[in-house]
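S.K.: Sending over a structure as structure tokens; questions will come in a sec.
The values are calculated or read from the model by the stated rules, or taken from the named source; none is laboratory data. For clarity, every value in this text was computed on a predicted model and none was experimentally measured. Cβ coordinates were reconstructed from backbone atoms using ideal geometry, including for glycine residues, and neighbour counts include every protein chain displayed. Note: areas computed on protein heavy atoms with side chains; ligands, DNA, RNA excluded. Shrake-Rupley method; radii C 1.70, N 1.55, O 1.52, S 1.80 Å.
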Amino acid sequence: MIETVKHLIGSGGPSGFGSRSTAEHVTANCDLRSLTAIITGATSGIGAETARVLAKRGARLVIPARSLKTAEETKSRILSEFPDAEIIVMQLDLSSLASVRRFVDDFESLHLPLNILINNAGKYAQKHAISEDGVEMTFATNYLGHFLLTKLLLKNMIETAEQTGVQGRIVNVTSVIHSWFSGDMLQYVADISRNNRNYDATRAYALSKLANVLHTIELSRILHKMDANVTANCVHPGIVRTRLTRDRDGLITDLVFFLTSKLLKSVPQAAATTCYVATSPRLRNVCGKYFSDCNEARTSKSGSCNLKAQRLWTASELLVTAASTPNVYQTFNYF
């Protein structure tokens, strides 16, 4: 109850910011002119505002997208406001492991440093679908594609941090909805990747967001073990009406949003926590944490389980090396 009241009035937490802070507000004192950032899902909603604000603060942006046309339109909008911004548009379909690998190869061919990776893109697949790699589409897009992307870009980030002395930041955008999932994660992914018999769109989405949280936990442990000058944290941006929710437009959805309108954030407010965690000097060496309203918060019990995080990581390593659908099914059978 107390947390809800704090959210409604926008009172600041230990960071000095709260639910009503905006992305521009939390980055007001940031100079990012020497930094390069990759932001997935930057063509609309929270990702687009994150990109706009980081460009305003001087960061070089790489915007990967399935639709180059849409990404170019996003680039044009940002340049119209900030003509000196450096923005690179590149092709990426996160639901395809081959596309992730091509993107990383293309990015590495540019010989650019990488300081900030924001895994923001999200999908709510109301209808059951399977990726070209044989994995349920929501899990493939929201989690597995980001897992591989981060894995392949990590060497660059570590080297960039070593050469520049600037700590790298990885930000995984998750959701409080991660707490809605219960049960065996890997078994459920296996079930809904084989058929749609047990598919529930909300449960699949919650699972993918829990996977984002657990990815952060295990990645932070690995970074610490490597003594890398790179941190990994995850954020709940808040509830906001974006393209993600428009897939569920209808009378019931509209009624829910009307009744909860006082809890909704504007897009600039929703982008604040991502921008804060990606840029704030106060978070130097802070790693493996979960943030909401620009302050550290608690995950669900499952979201803080080290054993689940390690098990998911092992499964993910196997899944991203499975080059064809039969091999993916073999991997699922392993669990």
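S.K.: Mind listing just one residue for me: the one in segment 152-192 that is aromatic (Phe, Trp, Tyr) and in a helix (DSSP H, G or I) and, of those, farthest from LEU210 (Cα to Cα)?
M.R.: Top of the filtered list is TYR188.
S.K.: Please enumerate the residues belonging to segment 228-265 that are open to solvent by 10 Å² or more (accessible area, probe 1.4 Å), at pLDDT 95 or above and either among the hydroxyl-bearing types (Ser, Thr, Tyr) or closer than 30 Å to GLN163 by Cα (or both).
M.R.: ALA228, ASN229
S.K.: List pairs: first in segment 15-34 and open to solvent by 50 Å² or more (accessible area, probe 1.4 Å), second among the basic types (Lys, Arg), Cβ under 7 Å, 6+ apart or cross-chain?
M.R.: As it stands, the answer is ASP31/ARG57, since those pairs meet every condition given.
S.K.: Of everything in segment 264-278 that's outside any loop (DSSP other than H, G, I, E, B) and more than 17 Å from ALA48 (Cβ to Cβ), which residue is nearest to the chain's Cα centre (by Cα)?
M.R.: My answer is VAL277.
S.K.: Can you give me the number of residues within segment 119-155 that are under 18 Å from ALA228 (Cβ atoms) and open to solvent by less than 10 Å² (accessible area, probe 1.4 Å)?
M.R.: 5
S.K.: Still on this structure, I have one more. Given ARG203, ARG197, which one is free of Cβ contacts under 8 Å to residues at least 12 places away in the same chain, surrounded by fewer than 20 Cβ atoms within 10 Å (Cβ to Cβ) and more than 23 Å from VAL277 (Cα to Cα)?
M.R.: Being free of Cβ contacts under 8 Å to residues at least 12 places away in the same chain, surrounded by fewer than 20 Cβ atoms within 10 Å (Cβ to Cβ) and more than 23 Å from VAL277 (Cα to Cα) holds for just one of ARG203, ARG197, which is ARG197.
S.K.: Mind listing just one residue for me: the one in segment 100-113 that is in contact (Cβ under 8 Å) with a residue 40 or more places away in the chain and out of contact with any strand residue (DSSP E or B) (no Cβ under 7 Å at 6 or more places or on another chain) and, of those, most open to solvent (accessible area, probe 1.4 Å)?
M.R.: Applying the filter and picking the extreme gives ARG101.
S.K.: Moving on. Would you mention how many residues in segment 174-213 are touching a Gly at 6+ places or on another chain (Cβ under 7 Å) and of a type in the set (A, V, I, L, M, F, W, C)?
M.R.: So the count comes out to 2.
S.K.: So for segment 139-151 (the condition being under 25 Å from PRO64 (Cα atoms), part of a helix (DSSP H, G or I), in contact (Cβ under 8 Å) with a residue 24 or more places away in the chain and basic (Lys, Arg)), does at least one residue qualify?
M.R.: The answer is yes; a qualifying residue exists.
A quick yes/no check of all residues on (1) under 23 Å from PHE139 (Cα atoms); (2) out of contact with any helix residue (DSSP H, G or I) (no Cβ under 6 Å at 6 or more places or on another chain):
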| position | (1), (2) |
| --- | --- |
| THR27 | no, no |
| THR43 | yes, no |
| LYS56 | no, yes |
| PRO113 | no, no |
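S.K.: A further question follows. Please enumerate the residues belonging to segment 41-79 that are assigned to a helix (DSSP H, G or I), open to solvent by less than 10 Å² (accessible area, probe 1.4 Å) and in contact (Cβ under 8 Å) with a residue 60 or more places away in the chain.
M.R.: Those that are assigned to a helix (DSSP H, G or I), open to solvent by less than 10 Å² (accessible area, probe 1.4 Å) and in contact (Cβ under 8 Å) with a residue 60 or more places away in the chain: GLY47, THR50, VAL53, LEU54.
S.K.: With respect to SER96, is the statement that it is small (Gly, Ala, Ser) and open to solvent by 10 Å² or more (accessible area, probe 1.4 Å) true?
M.R.: The answer is no for SER96.
S.K.: Further question: Given ILE158, ILE192, which one is closer than 22 Å to LEU61 by Cβ and crowded, with 18+ Cβ neighbours inside 10 Å?
M.R.: ILE158
S.K.: When you check VAL166 against the structure, is it over 20 Å from ILE39 (Cα atoms), among the aliphatic types (A, V, I, L, M) and open to solvent by 50 Å² or more (accessible area, probe 1.4 Å), yes or no?
M.R.: no
S.K.: Looking only at residues that are polar (S, T, N, Q) and not in a strand (DSSP E or B) in segment 20-39, which one is nearest to LEU117 (Cα to Cα)?
M.R.: Only one residue fits best here, namely SER34.
S.K.: Right, next: Exactly one condition in (1) assigned to a loop (DSSP other than H, G, I, E, B); (2) free of Cβ contacts under 8 Å to residues at least 40 places away in the same chain; (3) within 21 Å of VAL267 (Cα to Cα) is false for ALA121; which is it?
M.R.: (2)
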